[in-house]
Amino acid sequence: MAPATPFHPPAADLPGKPFVPDWVPPPITKQNENFAKLKSIDLSLLDSDDPTVVDNLIQQVKVAIRDDGFLFLENYGITLEQLHRQFALAQYLYNNISEDDKERLLFSPETGVWSGYKHPYGFKRHRGPPDGIEQFNWYKPDWEDINRIPNCLHPFMDEIEAFCNYLTQSVNRRLLTVFSRVLELPDDYLWENVQSHGSPTGEGYFRHALFRPVRKETEEASKGLRMHGHTDFGLTTLLFSVPISCLQIWGRDEKWYYVPYKPGALVINIGDTLEIVSGGHFKATRHRVFKPPVDQLHEERLSLVLFNSSVGDLRMTPAKESPLIQREGCIEEQGVYKEFRDRTSEGKLVPTNREWREIQISTATDPTDREHNRVGVHQVLVDGKIMHQREYMGVKVLLPV
Ligand SMILES: O=C(O)CCC(=O)C(=O)O
Ligand SMILES: [Fe+2]
């Protein structure tokens, strides 16, 4: 393939741009137990003229998504310095957002849309117990109307938008090429048939998140959990590896492991759509956000995330054109894919991608919610283990707590 063009953001020192202090990565933890060993993929190898190099890359990805469902991506075209500038902008947002903007841009997740500012009091519009998580989420309309953006970020929207455009149009497109090749489909199969389009994030989201240390009462109520174990609803999620270790993945041995810090790397996680389209060959990544190791408990954690969404009107089924699926069939025992398959075989309609996304956003619960986080309500015992169980539009989802 022709070499991918590296990211060239608009200048940070254009006239009229206020000074933005650098983001200094906090120290990493000294703890080394309970960390996952993830495979790292060098995306620039996709550009190689040597077909053996490219084949090896596809094989590596195939193994990584089968074994872990999570992978690191490196050499994807954005330098560490460019990335740190984006973290600096997120840090600047939380140091400068006005109380007026917090009020004016307050999110309404009950509508199924995350768009706007999330206060640090849970995942509902009304204020619940503090969870210490602030977010700003960009959704379609937020890119189109500057009034929907906190004032302090207005001078930097050129950089933020260019960053998101590069992530979707270049990084995610190349990643979907790799995944299409794993399924032995044409390069643009997933990009053209499944990925939602429109600048810069289609029907997906870009997020600046800040996790502040929590009070003792919050930690006790949530048992150290910051976000429930879940899978993301879309195609792929691009998370940036961060020094404060809170993100955990569910291992094959049914234990949670922290994702290690790899400076500059992207953490790629596979969403429900990709699990279904691949007939269970790719497994949606089960992950959660948990309190960090003791030596990081007092630190703030910034996290930048890009959620790539599938076309909202589609109802997902496995890509029958895939020679891999034709040859090997679907992986029948696999999570959400299995639920969608069972519904389809009963002659019922599965939710559209938009319905699937919106129902999960609108009914999200808090880890501090003692009323729902109980066996018999949102939890069940399976082989003596407590699992989180939700039902969305008749589709059951069982996840580790
Ligand atoms: O902040 C993170 O590392 C992960 C957040 C996450 O999993 C999500 O928002 O879906
Ligand atoms: Fe997630």
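The values are calculated or read from the model by the stated rules, or taken from the named source; none is laboratory data. Keep in mind that what you see is a predicted model, and the values were worked out from it rather than measured. We place every Cβ from the backbone using ideal geometry, glycine too, and count neighbours over all the protein chains shown. For accessibility, only protein heavy atoms count, side chains too; no ligands or nucleic acids. Shrake-Rupley method; radii C 1.70, N 1.55, O 1.52, S 1.80 Å.
In table form, for the structure just shown:
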| quantity | calculated |
| --- | --- |
| Selection status of LYS37, closer than 30 Å to GLN248 by Cα and out of contact with any helix residue (DSSP H, G or I) (no Cβ under 7 Å at 6 or more places or on another chain) | yes |
| Residue pairs meeting the criteria (Cβ under 6 Å; at least 6 apart or on separate chains; first farther than 12 Å from GLY264 by Cα, in the range 76-93; second modelled with pLDDT of 95 or more and charged (D, E, K, R)) | ALA88/ASP22 |
| Residue check for THR201: open to solvent by less than 10 Å² (accessible area, probe 1.4 Å) and over 23 Å from GLY122 (Cβ atoms) | yes |
| Residues of the range 276-291 satisfying the condition of being away from ligand 2 (no atom under 12 Å from the Cβ), within 17 Å of HIS230 (Cα to Cα) and modelled with pLDDT of 95 or more | ILE276, PHE290, LYS291 |
| Failed condition for VAL242, given (1) buried (at least 24 other Cβ atoms within 10 Å of the Cβ); (2) in a loop (DSSP other than H, G, I, E, B); (3) within 9 Å of ligand 1 (Cβ to nearest atom) | (1) |
| Members of the range 207-239 that are away from ligand 2 (no atom under 14 Å from the Cβ) and not in a loop (DSSP other than H, G, I, E, B) | HIS208, LEU210, LYS216, GLU217, THR218, GLU219, GLU220, ALA221, SER222 |
| Scan of the range 380-399 for residues that are open to solvent by 60 Å² or more (accessible area, probe 1.4 Å) and not charged (D, E, K, R), ordered by number | LEU381, GLY384, ILE386, MET393, LEU398 |
| Hits in the range 303-323 - residues which are outside any helix (DSSP H, G or I) and more than 16 Å from ligand 2 (Cβ to nearest atom) | VAL311, GLY312, ASP313, LEU314, ARG315, MET316, THR317, PRO318, ALA319, LYS320, GLU321, SER322 |
| Subset of the range 260-291 [within 11 Å of ligand 1 (Cβ to nearest atom), assigned to a loop (DSSP other than H, G, I, E, B) and surrounded by 23 or more Cβ atoms within 10 Å (Cβ to Cβ)] | GLY271, THR285 |
| Some residue of the range 196-207 being closer than 19 Å to GLN135 by Cα and within 10 Å of ligand 1 (Cβ to nearest atom) | yes |
| Subset tally (residues that are small (Gly, Ala, Ser) and not in a helix (DSSP H, G or I)) for the range 348-366 | 1 |
| Every residue from the range 292-323 that is buried (at least 18 other Cβ atoms within 10 Å of the Cβ), away from ligand 1 (no atom under 16 Å from the Cβ) and of a type in the set (S, T, N, Q) | SER322 |
| Residue within the range 324-347 that is surrounded by fewer than 19 Cβ atoms within 10 Å (Cβ to Cβ), in a strand (DSSP E or B) and among the hydrophobic types (A, V, I, L, M, F, W, C) present | no |
| Hits in the range 221-261 - residues which are β-branched (Val, Ile, Thr) and within 25 Å of VAL194 (Cα to Cα) | THR231, THR236, THR237 |
| Among (1) buried (at least 19 other Cβ atoms within 10 Å of the Cβ); (2) charged (D, E, K, R); (3) closer than 30 Å to LEU324 by Cβ, the one test that LYS62 misses | (1) |
